[in-house]
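The values are calculated or read from the model by the stated rules, or taken from the named source; none is laboratory data. What you are looking at is a predicted structure, and each value in this text was computed from that prediction instead of being measured. Heads up, the Cβs are rebuilt from the backbone with ideal geometry, glycines too, and the neighbour counts pull from every protein chain shown. When the accessible area is computed, the model is the full protein with side chains, heavy atoms only, and any ligands, DNA or RNA have been set aside. Shrake-Rupley method; radii C 1.70, N 1.55, O 1.52, S 1.80 Å.
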Amino acid sequence: MTSTTQRAELQAQIWKIANDVRGSIDGWDFKQYVLGTLFYRFISENFSGYIEADDESVNYAELPDTVITDEIKDDAIKTKGYFIYPSQLFFNIAKNANDNENLNTDLAAIFSAIEGSANGYPSEIDIKGLFADFDTTSNRLGNTVTDKNSRLAAVLKGVEGLSFGAFQENQIDLFGDAYEFLISNYAANAGKSGGEFFTPQSVSKLIAQLAMHKQSTVNKIYDPAAGSGSLLLQAKKHFDAHIIEDGFWGQEINHTTYNLARMNMFLHNINYDKFNIALGNTLIDPQFGDDKPFDAIVSNPPYSVKWIGTGDPTLINDDRFAPAGVLAPKSKADFAFVLHALSYLSSKGRAAIVCFPGIFYRGGAEQKIRKYLIDNNYIETVISLAPNLFFGTSIAVNILVLSKHKSDNKTQFIDASGKEFFKKATNNNVLTESHIESIINTFESKEDVEYVAISMDSDAIAANDYNLSVSSYVEAKDTREKIDITVLNAEIKTTVAKIDQLRTDIEKIVEEISGA
């Protein structure tokens, strides 16, 4: 099955599930049940595959729970991070879902047992609360137990109907495609809690390739505003698995999205010991300070959100912000995320960060931070992208590429907002593989390209008040129709002559009429 066929089938099936449960569950809430069920199916199949170990004589789903010894369970949890008894597998629950009068409570007990199986093991923090947003007793599913069970069964049977074989053999990112499809259809209701800050897969590919560019190996990759983990996972999908030596790290402030990010790691077959996703506010309670530096950092932090800033006078002494000598404005935390990323970046690595355009030209503290970044030669490239690439916002964002190992004192500016750098789609513009390749090639070459790219000395940027707007340096192509003045003058002369002749003819006619 091709990726196009798989994607079309996936979306059709998800929409069918939506129709089956419509009327009770809001679209944005509904996604939690679909994605949670996808996750439940995946870990069930993944765990069964581990136990069976390619032995065709073993069918884990058909075994009685009583044959599972404490030793088997202990070894499995140490390896996989969790345990699922045969009776708890998705396959066994889904096949009888329509006739199970206790479906909602059975699911709640199974999810609690899966999470609880990791208690006391190194994987406990990675498993705890994974199903917290899959509330099987919620009134959003219906007012009666029968209604709840009916809708839960519809979701289970719908996900059971996704006949793609083994998840790891899919041609597409099943979880990511489901998530993006749901967001694209429900972004209007999702608001800032979802669509506005979700990074589309095409943009994620570009950011991951920028951060990993020409690094044969990286120690680990980090996202300080991890969201659902899509940026981190693009690095895995587009590079050999062994290039990222110590795994995937991230921090996320939203509890629901934090759970999705951890699910996403498992769904991409990243074991619990190869990822570390933390819950919390990156700016005021940063995790992983003892684990830095990171060779690759990717991020799409929320645009111009408020933070405590100067309201906490101790922050100016924070190792992340102190070198700049000033804190990002309280009403615009963008540069706080940038400085945080810079602080966590290794001397050989790169950070690729999606940024709101205003931070590159506004004055005050933001100008002072730009001065610090330019004077210390930390900015490699600023890329201006096309508008309307993100769900929930039409803003034409920029990508800021930071580096601590530049070989010259120049900053590259790339204008990738022209029609040759995006494809118009139904609701949003998209970057195709060829667009991404073109941007990466321009980034790599560092050659000036008329109307597209130019590299500027730091002195020139300083003379321009440290303005980092791409449009300040890359000349915009004049798309107006070119006019030949000589030809135009000739046409005007001919037109004037015709008008004069017409006036003369009219005057003659008037005289003849008057004489008559």
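Computed quantities for the displayed model
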{"quantity": "Lone unmet requirement of (1) of a type outside the set (Phe, Trp, Tyr); (2) surrounded by 15 or more Cβ atoms within 10 Å (Cβ to Cβ); (3) touching a residue at least 24 places away in the same chain (Cβ under 8 Å) for Ala113", "calculated": "(2)"}
{"quantity": "Helices (runs of 4 or more DSSP H) wholly inside region 57-163 containing at least 1 residues that are among the aromatic types (Phe, Trp, Tyr) and at pLDDT 95 or above", "calculated": "90-95, 103-116"}
{"quantity": "Residues satisfying the stated conditions in region 316-340, i.e. assigned to a loop (DSSP other than H, G, I, E, B), in contact (Cβ under 8 Å) with a residue 40 or more places away in the chain and within 14 Å of Gln367 (Cβ to Cβ)", "calculated": "Gly325, Val326, Ala328"}
{"quantity": "Residue match in region 323-330 (condition: in contact with a Gly (Cβ under 6 Å, 6 or more places away or on another chain) and open to solvent by 50 Å² or more (accessible area, probe 1.4 Å))", "calculated": "yes"}
{"quantity": "Residue count for region 341-358, restricted to those that are closer than 15 Å to Val305 by Cα and in a helix (DSSP H, G or I)", "calculated": "2"}
{"quantity": "Evaluation of Glu491 against (1) open to solvent by 80 Å² or more (accessible area, probe 1.4 Å); (2) in contact (Cβ under 8 Å) with a residue 60 or more places away in the chain; (3) part of a helix (DSSP H, G or I); (4) of a type outside the set (Gly, Ala, Ser) (one fails), failing number", "calculated": "(2)"}
{"quantity": "Within region 418-431, considering residues that are touching a Leu at 6+ places or on another chain (Cβ under 9 Å) and touching a residue at least 40 places away in the same chain (Cβ under 8 Å), the one most open to solvent (accessible area, probe 1.4 Å)", "calculated": "Val430"}
{"quantity": "Unique residue being at pLDDT 85 or above and open to solvent by 70 Å² or more (accessible area, probe 1.4 Å) when the list is Glu481, Glu507, Glu512, Glu447", "calculated": "Glu447"}
{"quantity": "Region 223-233 - residue that is part of a helix (DSSP H, G or I) and either open to solvent by 20 Å² or more (accessible area, probe 1.4 Å) or under 17 Å from Ala341 (Cβ atoms) (or both) and, of those, modelled with the lowest pLDDT", "calculated": "Ser230"}
{"quantity": "Test for Ser434: is it under 26 Å from the mean Cα position of the chain (by Cα) and either outside any loop (DSSP other than H, G, I, E, B) or in contact (Cβ under 8 Å) with a residue 12 or more places away in the chain (or both)", "calculated": "yes"}
{"quantity": "Subset of region 234-251 [open to solvent by 20 Å² or more (accessible area, probe 1.4 Å) and not hydrophobic (A, V, I, L, M, F, W, C)]", "calculated": "Lys236, Lys237, His238, Asp240, His242, Glu245, Asp246"}
{"quantity": "Yes/no for Gly142 being small (Gly, Ala, Ser) and buried (at least 18 other Cβ atoms within 10 Å of the Cβ)", "calculated": "yes"}
{"quantity": "Residue among Asn281, Asn276, Asn269 that alone is touching a residue at least 12 places away in the same chain (Cβ under 8 Å), over 15 Å from the mean Cα position of the chain (by Cα) and outside any loop (DSSP other than H, G, I, E, B)", "calculated": "Asn276"}
{"quantity": "Filter result (among the aliphatic types (A, V, I, L, M) and assigned to a strand (DSSP E or B)) within region 234-264", "calculated": "Ile244"}
{"quantity": "Subset tally (residues that are surrounded by fewer than 23 Cβ atoms within 10 Å (Cβ to Cβ) and in contact with a Leu (Cβ under 9 Å, 6 or more places away or on another chain)) for region 264-274", "calculated": "3"}
{"quantity": "Any chance Thr381 is over 16 Å from Thr199 (Cβ atoms), among the β-branched types (Val, Ile, Thr) and open to solvent by 20 Å² or more (accessible area, probe 1.4 Å)", "calculated": "no"}
{"quantity": "Candidate set from region 379-395 (those that are among the aliphatic types (A, V, I, L, M) and modelled with pLDDT of 90 or more); member that is nearest to Ile440 (Cα to Cα)", "calculated": "Ile383"}
{"quantity": "Failed condition for Phe175, given (1) modelled with pLDDT under 85; (2) open to solvent by 20 Å² or more (accessible area, probe 1.4 Å)", "calculated": "(2)"}
